[in-house]
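Undergrad: Please read through the structure below; I'll follow up with questions.
FYI, it's all coordinate maths here, none of it is from the lab. Keep in mind it's a predicted model, so treat the numbers as computed, not measured. Heads up, the Cβs are rebuilt from the backbone with ideal geometry, glycines too, and the neighbour counts pull from every protein chain shown.
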Amino acid sequence: INQYKHKNVIMMKKLTTKVKSKTPNIISIDNIHDISHKIIPVIKILEQGGVGVIPTDSCYSFVTSINSKEGTKRLMDLKGHHGQKKPLSLLCKDYSTISKYTSSLTDEKWVFKLFRDILPGPYTIILPASN
C-alpha cells in the first residue's frame, strides 16, 4: 500500500461464487468528482461481503458494508477478533445516517448545531449506538 501513499486508493478483494480471488482489485481515485464509473463495482463487492482498504487522516482503515454479515465477519477476522463482539467505527455520509445508527443524543439541538459547524471535517465522534 505504501506505493499509493499520496493517492486515494481503494483496495478490494473480489468475491465470486466459484473461486475466491487471492489478488485484490486496486481502484485508484484521483479525481473525487469523476468516480461514478469506478464506485459501482466497489459497492457491489462490499455488499457481497468484500472488504476494502481506504486512507484516512492518520492511517489506512478496513471497510465493508454495514449490511453485510459476511463482510463484518471478515473485517473482524482481519482485525484478529475471531468470533468476538467488538465495537467498530462507522463512516456516515450525512446527519440522517448518524441519527439512524446512534441513540437519541443526536436529537438534541446542540448536538445537531455542533455537527453542522464541524462536519465535514477530520473528526472522530464517539456516540452510543442505537438498537
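Undergrad: Could you tell me the relative contact order of the stretch 39-131? Use alpha-carbon pairs under 8 Å, at least six residues apart, and round to a whole percent.
TA: 18
Undergrad: Take peptides 111-121, 79-89, 48-58 and line them up by average Cβ neighbours within 10 Å, highest first, as a rough protection proxy.
TA: So the peptides 111-121, 79-89, 48-58, ranked by packing, come out 48-58, 111-121, 79-89.
Undergrad: Along Cα→Cβ, 7 Å out, is where each label goes; now give me the distance between the ones at Arg116 and His37 in nm to one decimal.
TA: 3.9
Undergrad: Please go through the residue pairs Lys44/Lys79; Lys44/Lys109; Lys38/Lys113; Lys69/Lys113; Lys44/Lys113 and name each one whose alpha carbons sit more than 31 Å apart in this structure.
TA: In this structure, Lys44/Lys109; Lys38/Lys113; Lys69/Lys113; Lys44/Lys113 exceed 31 Å between Cα atoms.
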